[in-house]
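Visitor: Got a structure for you, written out below as structure tokens; questions coming shortly.
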């Protein structure tokens, strides 16, 4: 549940800014994102004095935040138009993704994002659809979609949230495992902002929304057969995870092992991953972020331990988990050292406040 004592404005700002923190601290110039030994990462964090002593100025953001900002700024730029439409937003997303690729030096951008943004840049026909991609199930759509939930937070806007997360995701990741990760990241941000359902019921909510997303993809009419045939992996992975945690029905408290330290988490994150690198795919990046949020409760330090510092695609799980945490708790309990001098903090704050303004404005899925 959202913290009733934290103003909505702060929760919006914290969702964007702390997403950048989760990315930057977990990335650490690539030193921790690509470190497969989670225990070693925790040892290095401890040697620096713990997470409270990590100064944001020493941790530049990765491609995750650059693309999340691009998504947020596309949403806000379209918001300046009298008629906000899905078609107009998709065109703006393409422009922002092309632009943001000029800011990827030293940020470890993913090859799927790079290649498909380059495809959009070469095209002159005005068509922004890309072919279905059997290898498009990576986490690149999920890591940049949280701001969509900030734009469309209410239950009445869920059809827009579904359409925008699917279409923004498959601009680069045209595979259900990829773009449904974006749907999960956006949907859970909306849940966090509105304060319902309870965090323990978010996964159940996702399972109820997935059939609506499937119907949208069918009605959209682009590569329908390929998408439908590849749909089940994401859904089955989440059903298995929720069953493991005792949350498939959306009631009760999550079940965690008695021993769930660094070693145990590493083993579990690897188990739910597609190719042994936890958080690198569209299904498990939000899944591990959700697992971290369930474990951490209102503790920022525990969120970092579970969601940022592990031997998988840690910046992608960190950027997502921190966005949700900020949307619930604001900046409460977060050391100022972690975020005051964060790269692009001003841009994130500005985007957050604009998204808050837009959150009550109409949107059309037509032309």
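Visitor: Pairs, please: C-beta under 8 Å, at least 6 apart or cross-chain, first residue over 17 Å from residue 337 (Cα atoms) and in the range 1-22, second part of a loop (DSSP other than H, G, I, E, B) and modelled with pLDDT under 95?
Guide: The qualifying pairs are 11/2; 11/3.
Visitor: I would also like to ask the following. If you go through the range 336-345 one residue at a time, do you hit one that is within 18 Å of the chain's Cα centre (by Cα), modelled with pLDDT of 95 or more, in a helix (DSSP H, G or I) and farther than 29 Å from residue 261 by Cβ? Write out each step before concluding.
Guide: Step one: filter the range 336-345 for residues within 18 Å of the chain's Cα centre (by Cα), giving 344-345.
Narrowing further to those that are modelled with pLDDT of 95 or more: 344-345.
Filter once more, keeping what is in a helix (DSSP H, G or I): 345.
Cutting the leftovers down to farther than 29 Å from residue 261 by Cβ gives us 345.
The answer is yes, given that some residue of the range 336-345 is within 18 Å of the chain's Cα centre (by Cα), modelled with pLDDT of 95 or more, in a helix (DSSP H, G or I) and farther than 29 Å from residue 261 by Cβ.
Visitor: For residues that are over 18 Å from the mean Cα position of the chain (by Cα) and touching a residue at least 24 places away in the same chain (Cβ under 8 Å), scanning just the range 221-239, find the one that is farthest from residue 163 (Cα to Cα). Even if it seems obvious, please write down each step before you answer.
Guide: In the first step, residues of the range 221-239 are kept if they are over 18 Å from the mean Cα position of the chain (by Cα); the result is 221-233, 236, 239.
From what's left, touching a residue at least 24 places away in the same chain (Cβ under 8 Å): 222-223, 226-227, 230-231, 233, 239.
Values: 222: 13, 223: 16, 226: 18, 227: 15, 230: 18, 231: 16, 233: 20, 239: 22 Å.
This residue is 239.
Visitor: Okay, next question. Looking at the range 214-234 only, could you name the residues that are assigned to a helix (DSSP H, G or I) and under 13 Å from residue 175 (Cα atoms)? Even if it seems obvious, please write down each step before you answer.
Guide: Kept after step one, since they are assigned to a helix (DSSP H, G or I), are these residues of the range 214-234: 214-220, 224-229, 232-234.
214, 217, 224, 225, 226, 227, 228, 229, 232, 233, 234, listed by residue number.
Visitor: Specify which of the listed residues (307, 278) is under 21 Å from residue 62 (Cα atoms) and either in a loop (DSSP other than H, G, I, E, B) or over 18 Å from the mean Cα position of the chain (by Cα) (or both). So that I can check it myself, show each step before the final result.
Guide: Numbers: 307 fails: either in a loop (DSSP other than H, G, I, E, B) or over 18 Å from the mean Cα position of the chain (by Cα) (or both).
Answer to the check: 278.
Visitor: Check residue 324 against each of (1) without any contact (Cβ under 8 Å) to a residue 40 or more places away in the chain; (2) in a helix (DSSP H, G or I); (3) crowded, with 24+ Cβ neighbours inside 10 Å and name the one condition it does not meet.
Guide: (1)
Visitor: A further question follows. Could you list all residues from the range 100-121 that are assigned to a helix (DSSP H, G or I) and either in contact with a strand residue (DSSP E or B) (Cβ under 8 Å, 6 or more places away or on another chain) or loosely packed, with under 15 Cβ neighbours inside 10 Å (or both)? Working first, answer last.
Guide: We begin by selecting, within the range 100-121, every residue assigned to a helix (DSSP H, G or I); these are 100-103, 111-121.
The answer is 102, 111, 112, 115, 118, 119, 121.
The values are calculated or read from the model by the stated rules, or taken from the named source; none is laboratory data. Everything quoted here is computed from the prediction, not taken from an experiment. No Cβ is skipped: glycine too gets one built from the backbone with ideal geometry, and neighbour counts run over all protein chains shown.
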